[in-house]
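K.L.:
Pasting a structure here, questions to come.
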C-alpha cells in the first residue's frame, strides 16, 4: 500500500515538472509555440522571410512607385522589422477589404497598413501598441484665413462624401455647412476656386497639400480627433504580439520612429502617441 502511494506521488510530481518545464506563464511553450501550435514568430524565423501587408496608394505613409517598389514611412518600418528579425522582407499590397483575409490565407504575417485600431476591428484583429496616430485637419486659403476650429462656425467645409472626415465635420461642426464632393481632389479644388471656405481631410493629406501649394495653409499642429494606428495580426498569438510590441517600443525609444515620421511627413509624431503612459502600451 505504501509503495502504491509513493508511485502515485512520483507520477504527480513528474506531471507537474513537465508542465512547468514546457510552458511559460503566458501560455506559450519554451519553444515559442502557442496552445500546442507554432507562433508566427517561429514560422517567420524558420522561413527566413516576413510578409508584411502595406498600402499601395496612401503617400507619404505608403505607396507603390512606377517600378512596383513600395516606399514611404510604413515600408521603412517594415524594413526595420525585418532587420530586427534577421530575415528577408516581402511586402504585399493590401487595402481596407483585404487586410484580414491576407492574414487568414497565410499570405501576410502582419499588417503595417495605416490600420486604425477601432473597437469594432479589435473583435476580429489583434492590435499591437500604436506607433502613430492619424486624424483630421483643416485646409484653408491664405487669402481667407481661419484662426482656429471655432472659427469654422458658419463657414462652408468641403469633404469627400461618405468619408470619416465627412462624419467628423458633420458631427463636430453643426454650425458649419458641410459641402460634399465625390473625391478628395474635388474637395481641395473647390477650396482653391473659392467655392468653400475650408476643406477637411486627413492630417497627413492636409499638411502635404499645404506644403505643395503656397496659397494654402494647414490649421493645426496636431490631428483633430486622433485615431491610434497599430500593426494588426491574427488573434491567439501572444508570442508574436509580444515581439511586435517590443519592436515598436524600441523603435519609439531610440528615436527612429520620430526620424522616419519627420522625414516622410515633414512634421513631428503626434503627441498622442509619444504621450501614452507605459502601462497603456503593453
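K.L.:
Output the peptides 220-230, 65-75 sorted from most to least packed, where packing is the average of other Cβ atoms within 10 Å over each peptide's residues.
P.N.:
220-230, 65-75
K.L.:
Same structure, new question: Could you give the spread of the C-alpha atoms of region 135-222 along their three principal axes, from largest to smallest, in whole angstroms?
P.N.:
29, 26, 25
K.L.:
Starting from the 7 Å offset along Cα-to-Cβ, what nm value, one decimal, do you get for the label separation of residue 47 and residue 67?
P.N.:
Simple spin-label model gives 2.5 nm for this pair.
K.L.:
Please give the Cα centre distance for region 204-264 versus region 101-137, rounded to the nearest Å.
P.N.:
13
K.L.:
Given 0.36 nm per residue, what is the gain on full extension from residue 211 to residue 156 after removing their alpha carbon distance, in nm?
P.N.:
Additional length available on full extension: 17.6 nm.
K.L.:
For Cα pairs less than 8 Å apart in space and 6+ apart in sequence, what is the mean separation divided by the residue count of region 45-179, i.e. the relative contact order in percent?
P.N.:
In percent, rounded to a whole number, it is 21.
Laboratory data are not the source of any read-out in this text; all were calculated from the coordinates shown. Not measured: the values here are computed from a predicted model. Positions of Cβ are backbone-derived with ideal geometry, glycine not excepted, and every protein chain shown enters the neighbour counts.
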